[in-house]
Amino acid sequence: MKQRQNEQVIRYVNNDNGPTLGYTEGTGVKIIRQDGLLFKDLNKDGKLDPYEDWRLSPEERAKDLASKMSIDQIAGLMLFSKHQAIPGSKGFNPATYDGKSFEESALEPYALTDQQRQFLAKDHIRHVLVTSVESPECGARWNNLLQQVAESEPLGIPANNSSDPRHGLDASTEFKVGGGSHISIWPESMGLAATFDPELARKFGEIAAKEYRALGLSTALSPQVDIGTDPRWFRFGMTFGEDPHLSADMARAYIDGFQTSEGEAEIAEGWGYDSVNAMVKHWPGGGSGEAGRDAHFGYGKYAIYPGNNFEQHLIPFTEGAFRLNGKTGQASAVMPYYTISWEQDKKNGENVGNSYSSYLIHDLLREQVGYDGVVCTDWSITADAPEDITRLNPGGRCWGVEEGYTVAERHYKLLMAGVDQFGGNNEAGPIMEAYQIGVREHGEAYMRRRFEQSAVRLLKNLFRLGLFENPYVDVQKTVETVGCEAFTQAGYEAQLKAFVLLKNDNQVLPMKSNKKVYIPKRKLPARSNWIGRPVPASDGYPVNLDEIRRYFEVTEEPDEADFALVFIESPHSTMGYSKADVAAGGSGYVPISLQYGPYTAEYGRDVSIAGDPRDVLNRAYNGKTVTVTNAGDLDMVLETKQRMKEKPVIVSLTLNNPMVMAEFEGAASAILANFGAVEKSIMEVITGSAEPSGLLPFQMPADMRTVEEQHEDVPHDMRVYVDSAGHAYDFAYGLNWSGVIQDERTATYGKRLSSMNK
């Protein structure tokens with residue numbers, strides 16, 4: 001592809017018996033020839049240092065480089081940047097670099113912002129979180145510019161770019177161009193879990209890693225392996241479900257796929273040029289928030305264990321992420337959650353955020369489990385907490401250490417607990433202050449060793465992937481790789497395997513094509529999303545009718561239709577807190593509903609298990625009523641049934657959480673659940689071109705009473721819904737065209753479940 005403005009020439013040199021070296025003219029890096037081999041002189045001193053010698057192990061190289069780094073350079077290495085949108089991408093604000101629009105600026109759309117250039121050089125940041133990319137070409141060129149700046153710095157340490165999960169239907173739109181996705185679309189994690197097929201998760205990881213590396217991304221902030229033991233948690237759909245053993249199997253395969261390189265791509269011990277570091281989250285599990293509340297917010301800071309079931313939450317880590325089948329052995333990094341694991345510190349009795357807990361990190365994770373990879377905090381946990389407990393930004397999530405600590409002292413406490421890296425932090429100053437606190441308490445030699453210990457862990461993850469030899473990507477290859485036909489087809493086939501057929505009265509499905517279908521419009525009120533951003537009201541068809549017309553004739557008149565197809569989502573509830581309740585004189589705490597109709601809590605606790613004297617000690621909410629924002633979905637189904645009379649009503653249900661099915665199940669002839677699927681895949685299943693084979697990776701509750709009475713920390717402890725055909729919507733339930741699925745998957749996980757419940 002044509003050279004762009006601001007780009008310098010990237011040179012490549014080949015070793016006959018070693019790696020290809022990539023470097024940029026003008027960065028000061030030269031090539032050293034020794035023993036008939038070629039090496040990059042990254043620190044520009046004219047000699048081959050051990051860390052520049054690719055023949056040595058990552059451990060040896062990392063120790064040498066760490067010993068050469070100043071404390072402020074190591075402090076920069078410990079930073080993981082705040083969210084960075086690549087210029088030209090959705091959500092990017094040009095004011096962050098020059099206050100001009102791209103049309104007014106001489107910079108290319110993928111140029112580095114002033115902030116990015118500053119944190120590379122001034123704060124020595126080398127770990128960058130990328131949130132959105134306008135196109136594969138844009139992502140590749142931006143990576144190369146970033147790596148050029150990093151290479152020009154004194155030690156030539158490359159950048160480790162990263163991303164949250166990007167292959168789900170919604171998240172993939174952040175990696176796009178011209179309105180179309182440019183990364184392969186796969187089911188969400190819950191959809192992968194619904195296949196009960198770890199091999200499919202491994203295949204996903206392998207393909208996703210190739211797309212990540214082509215974009216210059218070398219760390220995945222995934223998978224999320226918390227077991228979803230409370231069905232109300234808003235991050236439930238991002239997990240592999242509620243079963244610890246299924247979650248462990250899926251985690252192990254997912255990470256093996258991401259981290260393993262094979263054949264010519266392998267450098268050593270399974271690591272190589274196709275590998276992406278997996279940062280598994282969230283230790284020791286964040287799925288047991290009291291009443292389903294989430295710890296991004298002050299009102300949801302507590303994870304509780306009323307069933308004394310803390311140990312099962314560790315299984316996806318200890319038996320999955322840290323016990324891989326592949327050569328890489330274990331996930332290269334782990335992220336603790338924001339939550340305070342209430343009353344779980346058996347040594348110090350501290351109720352502090354998980355990253356701050358020396359018991360959970362040093363004693364349990366490091367010593368007992370034996371994990372020696374990178375521990376990175378979740379984002380923004382060191383800044384002062386906002387007074388408003390509903391605020392996400394600005395402010396920190398320093399739960400348990402809100403008072404009595406400076407920002408630097410929080411960093412020091414984290415370091416002493418065993419943390420290596422600080423997520424969402426662009427400033428090295430507080431880490432330098434933390435170092436001085438340690439020097440005063442333990443001496444210079446001790447703190448130098450402590451900093452180098454973390455530096456070695458962090459650097460090993462860069463050496464293993466070959467980034468020191470060549471951090472650059474081939475733009476043409478990126479364009480050919482990301483979202484290529486083979487990867488897109490693999491993701492599409494995975495979507496087909498993730499559908500769960502819950503109901504199919506009289507074998508109404510599959511439906512013959514060329515029939516007339518009625519699709520009701522969907523109306524949603526104006527609302528806010530989980531981070532408080534306004535979402536405008538909408539009123540229209542919930543699907544692209546042109547896609548539907550490829551299979552059926554669409555009519556606006558129910559009387560003319562042969563059947564109806566209704567598209568709904570599981571209930572969109574509160575997050576468990578309401579400012580309106582505060583204004584009315586209440587505590588602010590309200591229930592989270594999994595039903596469409598208004599819900600008044602009757603069976604919640606009279607006194608909450610956890611509480612905060614800075615807020616309220618009792619967070620109970622019995623007697624309070626909430627209504628979900630998409631209550632109209634229920635009306636749409638019931639009204640459609642009324643209009644269709646005896647003709648079939650098929651419900652396409654997108655599930656984000658378990659839900660109460662009793663409100664509408666009787667009005668549906670068939671219910672087909674998905675966890676993020678393109679319209680084509682939905683239609684292929686409805687018409688029988690593909691047969692549903694997915695299974696529920698969680699229980700569907702009989703009602704809200706069982707939701708309130710279940711223990712937040714215990715899986716499989718609800719009374720499940722039984723439909724009009726007598727089918728129990730339990731873990732591992734699903735239908736195919738022949739009826740209830742009974743196969744090797746249901747036998748395997750059924751035996752594990754029986755064993756676990758003894």
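The values are calculated or read from the model by the stated rules, or taken from the named source; none is laboratory data. What you see is a predicted model, and the numbers here were worked out from it, not measured in a lab. Backbone-built Cβ (ideal geometry, glycine too); neighbour counts: all protein chains shown. Remember, those area values only see protein heavy atoms, side chains included, never the ligands or the DNA or RNA. Shrake-Rupley method; radii C 1.70, N 1.55, O 1.52, S 1.80 Å.
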Has segment 511-522 got any residue that is open to solvent by 60 Å² or more (accessible area, probe 1.4 Å), among the basic types (Lys, Arg), under 22 Å from ASP635 (Cβ atoms) and at pLDDT 95 or above? yes
When every residue in segment 437-496 that is among the acidic types (Asp, Glu) and touching a residue at least 40 places away in the same chain (Cβ under 8 Å) is compared, the one farthest from GLN259 (Cα to Cα) is GLU452
Extreme residue, most open to solvent (accessible area, probe 1.4 Å), among residues of segment 540-580 that are among the aromatic types (Phe, Trp, Tyr) and farther than 18 Å from SER528 by Cβ: TYR541
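Conditions (1) among the aliphatic types (A, V, I, L, M); (2) on the phi > 0 side of the Ramachandran plot, marked per residue:
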| site | (1), (2) |
| --- | --- |
| SER669 | no, no |
| LYS680 | no, no |
| THR687 | no, no |
| PHE698 | no, no |
| VAL707 | yes, no |
| GLY726 | no, yes |
| ILE741 | yes, no |
Look at PHE196 and say whether it is among the aromatic types (Phe, Trp, Tyr) and under 19 Å from ASN674 (Cβ atoms). yes
Test SER724 against the stated conditions and say whether it is surrounded by fewer than 19 Cβ atoms within 10 Å (Cβ to Cβ) and modelled with pLDDT of 95 or more. yes
Tally time: how many residues in segment 500-526 are of a type outside the set (A, V, I, L, M), closer than 28 Å to LEU695 by Cβ and in a strand (DSSP E or B)? 3
Determine if segment 615-631 includes at least one residue that is within 23 Å of LYS521 (Cα to Cα), of a type in the set (Asp, Glu) and either open to solvent by less than 40 Å² (accessible area, probe 1.4 Å) or touching a residue at least 24 places away in the same chain (Cβ under 8 Å) (or both). no
Could you tell me whether segment 697-704 includes any residue that is in a loop (DSSP other than H, G, I, E, B), touching a Ser or Thr at 6+ places or on another chain (Cβ under 8 Å) and open to solvent by less than 30 Å² (accessible area, probe 1.4 Å)? no
Tell me the residue from TYR412, TYR405 that is in contact (Cβ under 8 Å) with a residue 24 or more places away in the chain, out of contact with any Leu (no Cβ under 9 Å at 6 or more places or on another chain) and on the phi < 0 side of the Ramachandran plot, please. TYR412
Among ASP363, ASP345, which is the only one that is acidic (Asp, Glu), out of contact with any Ser or Thr (no Cβ under 8 Å at 6 or more places or on another chain), modelled with pLDDT of 95 or more and farther than 24 Å from TYR589 by Cα? ASP363
Report the residue count in segment 130-156 for those that are open to solvent by 10 Å² or more (accessible area, probe 1.4 Å) and part of a loop (DSSP other than H, G, I, E, B). 5
Per the list (1) touching a Leu at 6+ places or on another chain (Cβ under 8 Å); (2) within 21 Å of PHE563 (Cα to Cα); (3) of a type in the set (A, V, I, L, M), residue check on MET644 breaks on (1)
Could you say whether any residue in segment 3-11 is touching a Lys or Arg at 6+ places or on another chain (Cβ under 9 Å), surrounded by 16 or more Cβ atoms within 10 Å (Cβ to Cβ) and at pLDDT below 95? yes
Test set (1) more than 30 Å from GLU402 (Cα to Cα); (2) in contact with a Pro (Cβ under 6 Å, 6 or more places away or on another chain); (3) outside any helix (DSSP H, G or I); (4) open to solvent by 10 Å² or more (accessible area, probe 1.4 Å) - ARG643 fails condition number: (3)
What strands (runs of 3 or more DSSP E) completely inside segment 254-357 contain at least 2 residues that are over 21 Å from the mean Cα position of the chain (by Cα) and among the aliphatic types (A, V, I, L, M)? 266-268
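Results for (1) in a loop (DSSP other than H, G, I, E, B); (2) closer than 21 Å to GLY287 by Cα, shown as yes or no for each residue.
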position	(1), (2)
VAL707	no, yes
ASP713	yes, yes
ASP717	yes, yes
GLY726	yes, no
ASP730	yes, yes
ALA747	no, no
LYS751	no, no
For segment 158-185, give me each residue that is hydrophobic (A, V, I, L, M, F, W, C) and either part of a helix (DSSP H, G or I) or at pLDDT 95 or above (or both). ALA159, ALA171
With criteria (1) touching a residue at least 60 places away in the same chain (Cβ under 8 Å); (2) surrounded by fewer than 24 Cβ atoms within 10 Å (Cβ to Cβ), GLY263 comes up short on (1)
For segment 27-82, the count of residues that are of a type outside the set (Asp, Glu) and not in a loop (DSSP other than H, G, I, E, B) equals 27
Quick check on my filter: what residues within segment 159-175 are surrounded by fewer than 23 Cβ atoms within 10 Å (Cβ to Cβ) and out of contact with any strand residue (DSSP E or B) (no Cβ under 7 Å at 6 or more places or on another chain)? ASP164, PRO165, GLY168, LEU169, ASP170, ALA171
From (1) of a type in the set (Asp, Glu); (2) surrounded by fewer than 23 Cβ atoms within 10 Å (Cβ to Cβ); (3) in contact with a Ser or Thr (Cβ under 6 Å, 6 or more places away or on another chain), pick out the condition that doesn't hold for ASP226. (2)
If the requirement is being touching a helix residue (DSSP H, G or I) at 6+ places or on another chain (Cβ under 9 Å) and charged (D, E, K, R), which of these qualifies: GLU744, GLU665, GLU708? GLU708
The one condition GLU646 fails out of (1) over 19 Å from GLY168 (Cα atoms); (2) out of contact with any helix residue (DSSP H, G or I) (no Cβ under 8 Å at 6 or more places or on another chain); (3) touching a residue at least 24 places away in the same chain (Cβ under 8 Å) is (3)
Step by step: first the residues of segment 407-460, then only those that are charged (D, E, K, R) and in a loop (DSSP other than H, G, I, E, B), then the one that is most open to solvent (accessible area, probe 1.4 Å). Which residue is that? GLU427
Unmet requirement for TYR273, which otherwise passes all of (1) free of Cβ contacts under 8 Å to residues at least 60 places away in the same chain; (2) touching a helix residue (DSSP H, G or I) at 6+ places or on another chain (Cβ under 7 Å); (3) open to solvent by 10 Å² or more (accessible area, probe 1.4 Å): (1)
Pairs with Cβ under 6 Å, 6+ apart, first in segment 588-606 and free of Cβ contacts under 8 Å to residues at least 60 places away in the same chain, second open to solvent by 20 Å² or more (accessible area, probe 1.4 Å) and basic (Lys, Arg): VAL590/LYS624
Considering segment 11-53, residues that are aliphatic (A, V, I, L, M) and closer than 17 Å to GLU153 by Cβ, and then whichever is nearest to the chain's Cα centre (by Cα), we arrive at LEU42
